[in-house]
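Visitor: Would you mind keeping the following structure in view while I ask a few things?
All of the numbers you see were taken from the coordinates with simple rules; none came from a lab. Computed from a prediction, not measured in an experiment: that's the story for all the values here. We place every Cβ from the backbone using ideal geometry, glycine too, and count neighbours over all the protein chains shown.
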């Protein structure tokens, strides 16, 4: 007969927040939306893929806005995926779906529910994944 410690289990529909840290993740989904001002925006789903941690399979959500004010962050994110940002280009979700990235995750209090925490990706929270044998400093 299994013994379950229900006092340590969250309620249905609630996931414990992911601890602060940097995780290897893959872009699992991109939903194309619009900001309140009408600018294009992507709701990005990142799935933790690092096999050495218990959080494998958990998802992190971020939004990438294409508004003039948000373009510096978008440029940084896109460059961390190895996309050349020294030229103008069209971007599509296919440029990122299935791609691996290291993502920094932090916790903060929810605005609507200050007694609860949520995860977020900070402004510069993306890092390029270095493959084994790849030099970090190009010659």
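Visitor: Testing the spin-label approximation: label points 7 Å from Cα along Cα→Cβ at residue 90 and residue 75. State their distance in nm.
Guide: Between residue 90 and residue 75, the simple spin-label model gives 2.3 nm.
Visitor: Quick one: if the Förster radius is 41 Å, what FRET efficiency do residue 123 and residue 1 give, using the C-beta to C-beta distance and rounding to 0.05?
Guide: It comes out at approximately 0.25.
Visitor: Separate question: On C-alpha positions alone, give me the angle between the axis of helix 71-80 and the longest principal axis of the chain, in degrees, nearest 10.
Guide: The angle comes out at about 80 degrees.
Visitor: In deg cm²/dmol and to the nearest 500, what is the mean residue ellipticity at 222 nm of the chain if only DSSP H runs of at least 4 residues count, each as -39500 (n - 2.57), divided by the residue total?
Guide: -2000 deg cm²/dmol
Visitor: Sticking with this one: Based on alpha-carbon positions alone, could you give the equivalent ellipsoid semi-axes of region 17-94 from the gyration tensor, as √(5λ), descending, whole Å?
Guide: Calculated on Cα positions only, the semi-axes equal 25, 15, 11 Å.
Visitor: Roughly speaking, what is the stretch gain from residue 8 to residue 31, that is 0.36 nm per residue apart minus the C-alpha to C-alpha distance, in nm to one decimal?
Guide: Using 0.36 nm per residue and subtracting the Cα-Cα distance, I get 4.9 nm.
Visitor: Roughly what would the spin-label model give for residue 111 and residue 50, points 7 Å off Cα along C-beta, in nm?
Guide: 2.9
Visitor: Once you put a point 7 Å from the Cα of residue 83 and another 7 Å from the Cα of residue 61, both along the Cβ direction, what distance in nm separates them?
Guide: Using points 7 Å along Cα→Cβ, the separation is 2.2 nm.
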